[in-house]
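Okay, structure first, notes after.
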Amino acid sequence: CSLRSVLKLRLYVADMVEWDGVRKYAVHATLALGAAFVTSKIVNYANIRLRARGKPLPVPNPLHWLYGSIPLLAERVGKNEEHIDQVLVDLMREDKSLGKLFVLKLVAIDMVIVCDAEACKEVLMTHNYAKSFTYDTLHPFIGSKSILVADEPTWARQRKAFNPGFSFGFLRSQVPVFAAKTLELLDTKLAPRAADGGVVLLHNEATLLTLDIICRIALSEDFGCLAPGGPPALYTAFADLITTTAEYARAPHLMWTRYLPWNWLRWRGLQARFDSHVTAIIRRRLADSKASQGSGPKDILGLAIDTCRAEGDRLDLLELTSQLKTFLFAGHDTTATTISFAVYEIARNPAIEAKVLEEVDRVLGGRAPNADDLAALKYLNCCVKESLRLWPPAGTARIAPPGTTLQGYDIGRKVMYIPHFPIHRDPDYWGPDACVYRPERWQDENYVAALHPCAYQPFSKGSRDCIGQTLALMEAKTVLALLYQRYVYRYVGTSPEAQAYHITSYPKHHVPVTVHAREALGLAPKPAATPASSIPAATTAATPAASSPRPTSALRADAPSWP
Ligand code: HEM
C-alpha cells in the first residue's frame, strides 16, 4: 500500500515538473560552471607563467606525465609508512643534483622543498612570506580565524592579545600545574606498570598529560584525560578530527570521500561536539568577565580578555574560539612528542641517563621543580633541545607572490615547505655526528655560536615563530625532571623509533617502555651533597612541594592554594 502511494506521489510530481526544462537548465548551469572553472585555472596558470622569473627548480625523477611526483612519493611513503620528511632526506641523498632546494609536482600544486638554511632565512626572516593555503584543511580543529593561518594585520592584533598568556612571568606561575599533572600521571599510569612490569606506550600517556595541562592553563578547565575512566568523549572527538584530517592529508586523492554523506555527517558531528564545548566555555567566561569587571581566572584566555579590554580591542567569539582550539591542538601533541623522544633517546644511552639523574637529584633534592629549578636544570635543557633537533614535531608552509625568486629559482605562487627534519640532521650544518643524539653539543659555546641561525628552528623563525615555545620548554623540562626523579625507563620496541605523520609528527611506535624504580636498577639518588636548607628560601617557598621529601599525589592541579 505504501509502495503504491510512493509511486503515485512520484507520478504526481513528474506531472508537475517540466523535466525537459529542468534538464536543459541543469546542463547549461553545469557547462557554465565548468567553463568558469577551466577559465579561472587558465588565467591563473598564465598569470603564474607570464610573471615567472628565474630558473626552474630541479625535480626528482621519475616524474609521471599526469600525476607528477605523486607516484614516487606514494611508493616511498607507502612502502614503510615513511614520514614525508624522511623520504625527502632519502631523495636528496640519492640524487645530489637536487641540492637543498627542489620542487615536487603534485598535479595542480608545485611544492618547493626548502632545506637550505640561508633560503629559510630569506623566506621566514627577510620576507616572512604568507602562510600557504594548504593550512585550510586544519580549519575543523583550529578554526577559520586561527592565528596560525591569519595574515597581517589580523595576525598582529591576535598575537598582541595573547602574548601575555605566553609571557615568562605568567608561565613561571604555572610550573606547579605542570608538576601536579605529571604527578597524577606517575601515580595513576606509571606506578602500576612499575609494580607489574607491564609496558607503557609513553607517547600516548604524554599526549593525555599535555592536553590536560594546556586545558588547565589556557581555560582553567580540567579535561580529565588522566582520570581513571580513560579520556572523556570530548577528547576522543578532538583526536578523531585530527586523525581523520591526517588521513586525508596522507591520501589527497581520497579527499573527495570526505564529502560522502555518511563521512560528512560524522565529520560535522565531531566538529560540532568539540566546537560547542569550547564555545560554551568562552561564552561563559566572557559573561563572567563582564559581570566581574575583569576579576576572573588569570589563565591564557583571561589574560587575553583583560588585554583586549585595556587596549579597547575586541576579539569576536569566533576569533577567541579559533585561538583556544589552536592552542589545544598546537600545545599538546608537539610537547608530548618532544618528551617521548627525549625519554626514548635517554633510555638508550646509559651515560646520558646517568647525567640526567645526577642533575635532577642535585638540583631538586627530592622535591618538585619550580621555575628557578628549571633554569638550573641545564643538562636536561640540552636533552630537550637535542630531542627537538633530531625529532622536530612540526614544519611550516609558505607561499610567495607571482614573480618571486629564491636563490635565483622561480618560486612565485608555489607552496614552500620547510621540513625541519632534514635541516636538523644535515651534516653540512651539524657535523659528521648530525644524526647522533648528543646533548653535550649544546654545552659547546663555540659550536653553538657557529651554527647558522636557521640550522636549528624547531619553533620556526622570524615573527611567525611559535608563540608557545617557552611554555613547551618549561613544561617538557618539568615533566622530564619528575619522570626521572622517580623512575627510569627501558625501550622495549622491536624496531627503532621513527617519525610518523599526524599533522604534526609523533613517534611511530609510541615509545613502548618498561618502568623501573630507580633503586631496582641500582640508580637510587645519592645522598645530597648540598643540604636542602641551602636552597634559597624564596625559591623553595614558591612551590608547595618544597618541604616534602618526594613529590606525592597530594600535589594535585585542583589543590586550592595553587595558581
Ligand atoms: C615542542 C613543542 C612545540 C613545537 C615544536 C612547536 C612548533 C611550532 C612551529 C614550527 C610553528 C610554526 C608553524 C607554521 O608556521 O605553520 C609554531 C607556531 C605556533 N605554535 Fe607552536 N610548537 C610547540 C608548542 C606550542 C605550544 C605549547 C603552543 C600553545 C599552547 C603552540 C602554539 C603555536 C601557535 C599559536 C603558533 C602560530 C604562531 C603565529 O603564527 O603567530 N605551540 N609552533
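The values are calculated or read from the model by the stated rules, or taken from the named source; none is laboratory data. Since we're looking at a predicted model, the values are computed, not measured. Here the Cβ positions follow ideal geometry from the backbone for every residue, glycine too, while neighbour counts run over all protein chains shown. Side chains are part of the model used for accessible areas, which takes the heavy atoms of the whole protein and leaves out ligands, DNA and RNA. Shrake-Rupley method; radii C 1.70, N 1.55, O 1.52, S 1.80 Å.
Looking at Val123, Val175, Val149, Val200, can you tell me which residue is outside the structural domain of His420 (by TED's automatic domain parsing), touching a residue at least 12 places away in the same chain (Cβ under 8 Å) and within 30 Å of Tyr429 (Cα to Cα)?
Val149
Does Tyr417 satisfy being of a type in the set (Phe, Trp, Tyr) and farther than 30 Å from Ala161 by Cα?
Details: of a type in the set (Phe, Trp, Tyr): yes; farther than 30 Å from Ala161 by Cα: no.
No, not satisfied.
Exactly one condition in (1) more than 15 Å from the ligand (Cβ to nearest atom); (2) open to solvent by 70 Å² or more (accessible area, probe 1.4 Å) is not met by Met92; state its number.
(2)
Select, from Thr236, Thr207, Thr243, the only residue that is buried (at least 16 other Cβ atoms within 10 Å of the Cβ) and either closer than 30 Å to Phe341 by Cβ or modelled with pLDDT of 90 or more (or both).
None of the other options fit; the residue is Thr207.
Need pairs with beta-carbon distance below 8 Å; first residue within 13 Å of Ala524 (Cα to Cα) and in contact (Cβ under 8 Å) with a residue 60 or more places away in the chain and within segment 339-363, second open to solvent by less than 20 Å² (accessible area, probe 1.4 Å) and of a type in the set (S, T, N, Q); sequence gap 6+ or separate chains.
Going by the 8 Å Cβ cut-off, the qualifying pairs are Val360/Gln485; Asp361/Gln485.
Let me spell it out: the conditions are (1) within 16 Å of the ligand (Cβ to nearest atom); (2) more than 29 Å from Asp306 (Cβ to Cβ), and Val200 meets all of them except one. Which number is the exception?
Unmet condition: (1).
So for segment 343-364 (the condition being under 27 Å from the mean Cα position of the chain (by Cα), under 30 Å from Asp116 (Cβ atoms) and in a helix (DSSP H, G or I)), does at least one residue qualify?
Yes, the conditions are met somewhere in segment 343-364.
Could you list, in sequence order, the residues of segment 266-285 that are open to solvent by less than 60 Å² (accessible area, probe 1.4 Å) and over 25 Å from the mean Cα position of the chain (by Cα)?
Residue satisfying the conditions is Arg285 alone.
Name the single residue, out of those in segment 365-392 being of a type in the set (S, T, N, Q) and in a helix (DSSP H, G or I), that is farthest from Thr338 (Cα to Cα).
Asn381
Considering only residues that are surrounded by fewer than 19 Cβ atoms within 10 Å (Cβ to Cβ), touching a helix residue (DSSP H, G or I) at 6+ places or on another chain (Cβ under 7 Å) and farther than 26 Å from Phe329 by Cβ, which ones fall in segment 381-412?
Scanning segment 381-412 gives Pro402, Gln407.
Return the only residue of Cys466, Cys435, Cys454 being open to solvent by 10 Å² or more (accessible area, probe 1.4 Å), within 16 Å of the ligand (Cβ to nearest atom) and part of a loop (DSSP other than H, G, I, E, B).
Cys466
Condition test on Ala476, is it near the ligand (Cβ under 10 Å from one of its atoms), under 18 Å from Ser387 (Cβ atoms) and touching a residue at least 40 places away in the same chain (Cβ under 8 Å)?
It is true that Ala476 is near the ligand (Cβ under 10 Å from one of its atoms), under 18 Å from Ser387 (Cβ atoms) and touching a residue at least 40 places away in the same chain (Cβ under 8 Å).
Taking segment 488-507 only, how many residues are open to solvent by 20 Å² or more (accessible area, probe 1.4 Å) and in a strand (DSSP E or B)?
Within segment 488-507, residues that are open to solvent by 20 Å² or more (accessible area, probe 1.4 Å) and in a strand (DSSP E or B) number 5.
State the number of residues belonging to segment 388-412 that are among the aromatic types (Phe, Trp, Tyr) and away from the ligand (no atom under 16 Å from the Cβ). If you could, list the steps in order and put the result at the bottom.
First, the residues of segment 388-412 that are among the aromatic types (Phe, Trp, Tyr): 391, 409.
Those still in the list that are away from the ligand (no atom under 16 Å from the Cβ) too: 409.
Qualifying residue count, segment 388-412: 1.
Condition test on Phe327, is it within 24 Å of the chain's Cα centre (by Cα), crowded, with 24+ Cβ neighbours inside 10 Å and closer than 18 Å to Thr154 by Cα?
Numbers: within 24 Å of the chain's Cα centre (by Cα): yes; crowded, with 24+ Cβ neighbours inside 10 Å: yes; closer than 18 Å to Thr154 by Cα: yes.
Against the criterion (within 24 Å of the chain's Cα centre (by Cα), crowded, with 24+ Cβ neighbours inside 10 Å and closer than 18 Å to Thr154 by Cα), Phe327 qualifies.
Results for (1) within 16 Å of the ligand (Cβ to nearest atom); (2) assigned to a loop (DSSP other than H, G, I, E, B), shown as yes or no for each residue.
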position: His277; (1), (2): no, no
position: Ala280; (1), (2): no, no
position: Leu286; (1), (2): no, no
position: Gly296; (1), (2): no, yes
position: Gly302; (1), (2): yes, no
position: Leu320; (1), (2): yes, no
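Acidic (Asp, Glu) and under 24 Å from the mean Cα position of the chain (by Cα): which single residue out of Asp444, Asp426 fits that description?
Being acidic (Asp, Glu) and under 24 Å from the mean Cα position of the chain (by Cα) holds for just one of Asp444, Asp426, which is Asp426.
Would you tally the residues in segment 63-89 being among the aromatic types (Phe, Trp, Tyr) and surrounded by 13 or more Cβ atoms within 10 Å (Cβ to Cβ)?
1
State which residue pairs qualify: first residue open to solvent by 40 Å² or more (accessible area, probe 1.4 Å) and inside segment 154-167, second residue more than 10 Å from the ligand (Cβ to nearest atom) and of a type in the set (A, V, I, L, M, F, W, C) in any location, beta carbons under 7 Å apart, and separation of 6 or more residues or different chains.
Filtered contacts from segment 154-167: Pro164/Phe170; Pro164/Leu303.
Report whether or not Leu185 is away from the ligand (no atom under 15 Å from the Cβ), on the phi < 0 side of the Ramachandran plot and either in contact with an Asp or Glu (Cβ under 7 Å, 6 or more places away or on another chain) or outside the structural domain of Asp306 (by TED's automatic domain parsing) (or both).
yes
Of the residues in segment 329-348, how many are within 8 Å of the ligand (Cβ to nearest atom) and either of a type in the set (A, V, I, L, M, F, W, C) or out of contact with any Gly (no Cβ under 7 Å at 6 or more places or on another chain) (or both)?
So the count comes out to 6.
Within segment 228-252, count every residue that is in contact (Cβ under 8 Å) with a residue 12 or more places away in the chain and in contact with a helix residue (DSSP H, G or I) (Cβ under 9 Å, 6 or more places away or on another chain).
Selection size over segment 228-252: 16.
Take Asp136 and tell me if it is outside the structural domain of Glu205 (by TED's automatic domain parsing), of a type outside the set (Ser, Thr, Tyr) and within 11 Å of the ligand (Cβ to nearest atom).
In short, no.
To keep it simple, each residue is scored yes or no on (1) of a type in the set (A, V, I, L, M, F, W, C); (2) within 16 Å of the ligand (Cβ to nearest atom); (3) in contact with a strand residue (DSSP E or B) (Cβ under 7 Å, 6 or more places away or on another chain); (4) not in a helix (DSSP H, G or I).
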residue	(1), (2), (3), (4)
Asp428	no, no, no, no
Tyr447	no, no, no, no
Gly462	no, yes, no, yes
Tyr484	no, no, no, no
His509	no, no, no, yes
Val513	yes, no, yes, yes
